Amino acid sequence: MRWDVEAGATWHAVIVDLLARLDYALGDELPDEINKAVQPLGLDVTVYLVDHEQQRLWPLPRQGKPPPSPLSVDGSMAGRAFTSVRTHVPDRDAVPYRLWVPLIDGAERLGVAEVLVDPPPADPTRFQRWCESLVGLLGHLVAVKMPYGDSLQRVRRTRAMSAASELLTQLLPPLTFSSHRLSISAVLEPCYDVGGDAYDYAVDGPTARTMVLDAMGHGLRAGLTCATALAALRAARRDDHGLYAMARAADVALTEQFPDLRFVTGVLTELNMDSGMLRYINAGHPLPLLMRGTKAVRELPGGRRLPMGIEDSRIVVGEEVLEPGDRLLLYTDGVVEAYDRSGERFGVERLVDLAERCAAAGLPGPETLRRLAHTVVAHQDGPPTDDATLLLLEWSPQAAERTQP
């Protein structure tokens, strides 16, 4: 098919057919139904999902075809499309013509799609835009199908997941969110055995709320403790309570549900995007880092109270005025207290240095955290002794744009 203006009508018909086909398709039927729908356009589409470690891209299998090999996120053209959230064309003169297009749901990076067409398009720019629209739709459809079966989940797993990790990961929002005014990204390690760490966010009107939590202990008991605190905090937030009342709600829930002492450290934040006013509570947690430009300018020491689950009547809320473009980095102690075999801590200084280098490179938030988390894991040179969670909020329209293709 010649990729000219007349192809637009066929393109529209393909989109309509694709939506109809996927209404009742199971997760493992997606690859074949997608390719039946795009056949009139002469396309061949292979969808790759990123694993939970964000290290490799795994193809969705198609009936009657041997699956391609998984691809490394680091060091492949497909991986470059994933990490940069930009379409890559390996060779514009190649036959068949190939594009690697990031597969996203909103701003959440799910993987990539390989799109092949023969003969090459007469108008590569128009063809790329159409492919990006198609793959953008596929990203939404894959995300919609994900909760209704296990086949798509299995593609993303390289080993068994613990009960605690299964519990918490099902409670958490997507790793990445973007709007016209900010982006929020998060990452958890170890992704298959997280016990007591969690994150959450909610953006409504001019207000963006975030939190990072770390429950005492390990395993399922820590997961249950964290889930209880998370549920109490969300319930209070959705009832339009402020930060202090949210923390008190977590205190009550933890003391009511657990007769033995259970506590959760955490940072709760509330940013007014009209004024830049950041209000926050720090319940026995590592200090948030404020980044301005490419530098970490200071830690935020205010809003201190005891960990949630231990009654604290002090009404202390920290305040900081942010400037447009500022980044706020929250993390659990498993990041800075990761030790290598010689006993050397990862430390705040190393975290700051890496965060500054990622900012200087202009990396989008989710890629910044992917690299930070992998560096923490590599530093330990063995099984991690604690969960490590990071959350990055960047208050700027440019931050949101960097998470979109």
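The values are calculated or read from the model by the stated rules, or taken from the named source; none is laboratory data. The model shown is predicted, which means the values in this text are computed figures rather than measured ones. To get the accessible areas, we keep the full protein, side chains included, count just its heavy atoms, and leave off ligands, DNA and RNA. Shrake-Rupley method; radii C 1.70, N 1.55, O 1.52, S 1.80 Å.
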query = Where the centroid of each part is defined by its Cα atoms, how far is the stretch 317-394 from the stretch 167-209 in Å?
reply = 15
inquiry  = Using helices alone, I'd like the mean residue ellipticity at 222 nm for the chain: each DSSP H run of four-plus residues gives -39500 (n - 2.57), total over residue count, nearest 500.
reply    = -11000 deg cm²/dmol
key: Degrees between helix 7-22 axis and first principal axis of the chain (Cα, 0 to 90, nearest 10)   = 60
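With a 1.4 Å probe and all protein chains left in place, how much of the accessible area of the stretch 98-175 comes from carbon and sulfur atoms, in whole percent?
On the way: 1730 of 3290 Å².
Accessible surface attributable to carbon and sulfur in the stretch 98-175 totals 53 percent.
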task = List the relative contact order of the chain as a percent without decimals, with contacts defined as Cα pairs under 8 Å and 6+ residues apart.
result = 14
query = Using only Cα atoms, what is the ratio of the radius of gyration of the chain to 2.2 N^0.38 Å?
reply = 1.04
ask   = By how many degrees, 0 to 90 and rounded to 10, does the Cα axis of helix 243-257 deviate from the longest principal axis of the chain?
value = 80
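With every protein chain left in place, what is the accessible area per residue of the chain in square angstrom, probe 1.4 Å? Intermediate results must be reported in sequence, preceding the final value.
On the way: 17410 Å² over 405 residues.
Per-residue accessible area for the chain comes out at 43 Å².
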ask   = Hey, what angle do you get for helix 365-380 against the long axis of the chain, alpha-carbon based, 0 to 90 degrees rounded to 10?
value = 70
request  = Select from Ala229, Ala247, Ala163 the residue whose mean-square fluctuation is largest in a Gaussian network model of the chain (Cα-Cα springs shorter than 10 Å).
outcome  = Ala163
inquiry  = Please enumerate, by chain and number, the aspartates and glutamates with C-alpha under 19 Å from the C-alpha of Lys36, excluding those fewer than 8 residues away in the same chain.
reply    = Asp17, Asp23, Asp28, Asp44, Glu114, Asp118, Glu132
query = Antiparallel as a % of all DSSP beta bridges within the chain, to the nearest 5?
reply = 95
